[in-house]
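Here the structure is laid out as structure tokens; the discussion comes afterwards.
The values are calculated or read from the model by the stated rules, or taken from the named source; none is laboratory data. Treat the numbers as computed from the prediction; the structure is a model and nothing was measured. Using ideal geometry, Cβ is built from the backbone for each residue, glycine included, and neighbour counts are taken over all protein chains shown. Accessible surface is based on the protein model in full, side chains and every heavy atom, while ligands, DNA and RNA are left aside. Shrake-Rupley method; radii C 1.70, N 1.55, O 1.52, S 1.80 Å.
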Amino acid sequence: LDVYRCNRLTGAVLPPALLSQSHLRKKINQNPCYNKLSFFIRANAWQNIYDKQKNTMIDHLQKFGFDELDRAILEELQFNGRISVADLARKIFLSQPAVHNRIKRLERAGVIEQYVALLNHEIVGYDLMCFVQISIQPHTSEQIGKVEALITGMPEVLECYRLTGDYHLLIKVVVHNSKALDRFLAQKMTVLEGIERIQSSVVMKVLKAETALALK
């Protein structure tokens with residue numbers, strides 16, 4: 001239908017993918033409006049994908065009893081966790097008691113896990129960030145559980161993920177400098193029982209570090 005509407009507006013014929021006759025495809029190639037039509041179709045396709053993702057997100061929230069106002073609250077809190085209830089209420093055009101009750105409901109449901117302050121690791125002295133991949137042997141639930149418990153208890157480890165593939169764990173580490181990283185790997189990682197192989201990659205530049213989830 002969108003292609004038909006564009007055809008009526010531009011005077012172009014339908015694109016080759018929608019036609020079977022060769023003489024019509026030839027007519028398209030001679031029509032200067034075809035590029036505009038092609039751009040319109042591509043843009044409309046991306047919009048349809050975006051709308052489908054948005055609707056999926058909304059449906060998921062609604063399944064748990066939340067609505068568009070809850071989504072608006074989450075959007076604001078993700079970017080400014082210190083915003084007052086009064087300011088938030090003005091932004092989404094809702095009363096303060098209603099906003100307060102919705103926030104508490106989101107917290108009780110576990111949608112909002114916690115409120116934190118995000119620090120600049122370099123300003124506070126942690127100049128080096130590193131990702132470390134870890135292979136564990138024997139590859140048993142018991143052994144992996146032991147290694148995970150030890151690693152997640154290390155203060156240098158900010159994040160820890162269990163993976164599929166050749167490596168079993170991926171950890172994100174911040175330390176003061178390269179010497180501190182060397183000590184961490186040599187004195188804390190390689191001495192752990194069950195560690196078969198370690199591969200470390202130092203971060204040269206952070207291109208994106210986002211904490212907010214796309215809710216719209």
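Return yes or no: is residue 200 open to solvent by 40 Å² or more (accessible area, probe 1.4 Å), among the small types (Gly, Ala, Ser) and in contact (Cβ under 8 Å) with a residue 60 or more places away in the chain?
Values: open to solvent by 40 Å² or more (accessible area, probe 1.4 Å): yes; among the small types (Gly, Ala, Ser): yes; in contact (Cβ under 8 Å) with a residue 60 or more places away in the chain: yes.
Against the criterion (open to solvent by 40 Å² or more (accessible area, probe 1.4 Å), among the small types (Gly, Ala, Ser) and in contact (Cβ under 8 Å) with a residue 60 or more places away in the chain), residue 200 qualifies.
What do you reckon, is residue 188 touching a Gly at 6+ places or on another chain (Cβ under 7 Å) and of a type outside the set (S, T, N, Q)?
Working: touching a Gly at 6+ places or on another chain (Cβ under 7 Å): no; of a type outside the set (S, T, N, Q): yes.
So residue 188 fails the test.
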- prompt: Which members of region 74-126 meet the condition of being surrounded by 13 or more Cβ atoms within 10 Å (Cβ to Cβ) and among the hydroxyl-bearing types (Ser, Thr, Tyr)?
  reply: 126
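Only one residue in 134, 171 is buried (at least 16 other Cβ atoms within 10 Å of the Cβ), in contact with a Phe, Trp or Tyr (Cβ under 9 Å, 6 or more places away or on another chain) and under 27 Å from residue 78 (Cα atoms), so which one is that?
Residue meeting the stated conditions: 171.
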message: Return the pair list, or none, for Cβ contacts closer than 6 Å from residues in region 144-166 that are open to solvent by less than 100 Å² (accessible area, probe 1.4 Å) to residues that are at pLDDT 95 or above and part of a helix (DSSP H, G or I), at least 6 apart or on different chains.
response: 156/184; 157/151; 160/151; 160/152
- prompt: Looking only at region 107-131, which residues are under 30 Å from residue 74 (Cβ atoms), under 25 Å from the mean Cα position of the chain (by Cα) and aliphatic (A, V, I, L, M)?
  reply: 109, 111, 112, 116, 117, 118, 119, 129
field: Breaking point among (1) crowded, with 16+ Cβ neighbours inside 10 Å; (2) basic (Lys, Arg); (3) touching a strand residue (DSSP E or B) at 6+ places or on another chain (Cβ under 8 Å), for residue 71
entry: (3)
task: State whether the residues of region 107-124 include one that is touching a residue at least 24 places away in the same chain (Cβ under 8 Å), in contact with a strand residue (DSSP E or B) (Cβ under 8 Å, 6 or more places away or on another chain) and in a loop (DSSP other than H, G, I, E, B).
output: yes
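If you go through region 179-188 one residue at a time, do you hit one that is under 19 Å from residue 120 (Cα atoms) and modelled with pLDDT of 95 or more? Spell out how you get there, then give the answer.
Restricting attention to region 179-188, the residues satisfying the condition of being under 19 Å from residue 120 (Cα atoms) are 180-181.
Filter once more, so that each one left must be modelled with pLDDT of 95 or more: 180-181.
Checked against the condition, which is being under 19 Å from residue 120 (Cα atoms) and modelled with pLDDT of 95 or more, region 179-188 yields at least one hit.
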